[in-house]
Every structure is written in C-alpha cells, then in structure tokens.
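These notes concern the structure reproduced below.
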Amino acid sequence: MPLIESQPDAVSRVYAKSLLEIATEQGGQAKVEETLGELEEIIELARADENFAEFLSSRSLASDARRDALQRIFTGRVTDLTLKFLLVLNEKGRIGALASVAAAFDSLVQHQFGRIEVDVYTAAPLDQLGVEGMRARLRETLHKDVIVHPYVEPEMIGGVKFRIGDQLVDASIATRLRKLKDQFSGAGAAELRARISKIIDGGPASN
C-alpha cells in the first residue's frame, strides 16, 4: 500500500505534537527545524523511490525486520531523535502514515513560530521579485511570516490562486470566465443578455 498522504488525522497530530515537544526540549527552534528538515527529506525520498515507499508502508513486512532495516539505513544519516521517532512509528504500526505525521508536524512548527505556508498558483512563472512581492502582500494581509510556494497552472490564463492549508482562494481569470458562462447558461440568461445588450447599445440597464 502507498504512504498515506491524506490530511493529518487526530492520531497523526498526537505523534507530531509529541515530537515537537521533545525536539523543543532538546534544542529549541534549531532542533525543531532540523527535525522537520530530516522528515521532509525522508518523505521526498519515499515519493521518488517506489521501493522505499513500499518498504515503509508494506503490511507484509514484519515490524522487527523493518526496524532493523531502518536502523541500517538511517544510523549516522539522521539525528538520533528522528531515527527513534521512525522506530516508534514502526513499532506502533504507523510508519505507513509518516507523510501525514510529517504534515501535521510541519503545521505545528509553522504555527509555533508564527509562520504560514501559502501555495501560490499563477499562469506564468513568478520571478524572484514576483515571489517576494507576493510574500510581502500576503504577510501584510495575514499578519504572519509567509512562506510562499509558487506553482504554474497555464490553464488559468491569468489571475492567481492561493491555497492555505485546505482553503482555496481562487481569483483566476479562468474561474471568472467559467462563472460568467454559468450565468449565461443558467436561469435568467436571457435577461442577462438583454441587460448587456442595452449597455452596449447605450440604453439604460433595468434593475
């Protein structure tokens, strides 16, 4: 079975909260950031390597065998805290939910340090100045330190979309055109066309 990458559930948040508390006790923000970075690298490795992803999530692999393999793979490559956390997840049968736990941990970290991550979708790539400008506007609006992740969606035509957590704010031109099309094809389309015709012809539009 694949790694679980759905929205973090209550159990994932419990593990993430425990990890955050331990990392904070061991070394404050620096240790927390280090742990987050290591978890993100492991998740990226699993996404890039199907065999590794299967190794983490397979229910047919005995917990003891996976534990020994995890120790061989990660000893000396990640900190003791991250390795011990992986071993605990494996022991509790939650290693297949590592991606969800890491997502919950990331969310807690951003909240603790007053940051927020925003996915920004535009029709054309943003250059560095564009990203910084977007970050400044979002920071002013949200009153938080914003981390911007830029993405390109050519089908948008223009405009911008923002995803903050599970909330999507869509101000793309494609969406506006789709809504306008829905207005024309839905109830009252004839009246709407008549009003637009009057505006074009210079006549008054009725309310």
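Taking the criterion of being more than 29 Å from G114 (Cβ to Cβ) and either touching a strand residue (DSSP E or B) at 6+ places or on another chain (Cβ under 8 Å) or of a type in the set (S, T, Y) (or both), the residues of segment 27-82 that qualify are S57, S58, S60, S63, T75. Within the bounds of segment 106-122, is there any residue that is loosely packed, with under 13 Cβ neighbours inside 10 Å and either modelled with pLDDT of 90 or more or among the acidic types (D, E) (or both)? Taking every residue of segment 106-122 in turn, none turns out to be loosely packed, with under 13 Cβ neighbours inside 10 Å and either modelled with pLDDT of 90 or more or among the acidic types (D, E) (or both). State whether one or more residues within segment 42-60 are surrounded by 17 or more Cβ atoms within 10 Å (Cβ to Cβ), within 18 Å of the chain's Cα centre (by Cα) and under 15 Å from V109 (Cβ atoms). The answer is yes; a qualifying residue exists. Among the criteria (1) within 17 Å of E54 (Cβ to Cβ); (2) surrounded by fewer than 19 Cβ atoms within 10 Å (Cβ to Cβ); (3) in contact (Cβ under 8 Å) with a residue 12 or more places away in the chain, the one I73 does not fulfil is (3).
Looking at L87, L129, L168 in this structure, which one is aliphatic (A, V, I, L, M), surrounded by fewer than 13 Cβ atoms within 10 Å (Cβ to Cβ) and out of contact with any strand residue (DSSP E or B) (no Cβ under 8 Å at 6 or more places or on another chain)? Don't jump to the end; show me each part of the working.
On the way: L87 fails: surrounded by fewer than 13 Cβ atoms within 10 Å (Cβ to Cβ); L168 fails: out of contact with any strand residue (DSSP E or B) (no Cβ under 8 Å at 6 or more places or on another chain).
None of the others qualify; the one that does is L129.
The values are calculated or read from the model by the stated rules, or taken from the named source; none is laboratory data. Since the model is a prediction, treat every value here as computed from it, not as a measurement. Reconstructed Cβ throughout: ideal geometry from the backbone, glycine too, with neighbour counts over all protein chains shown.
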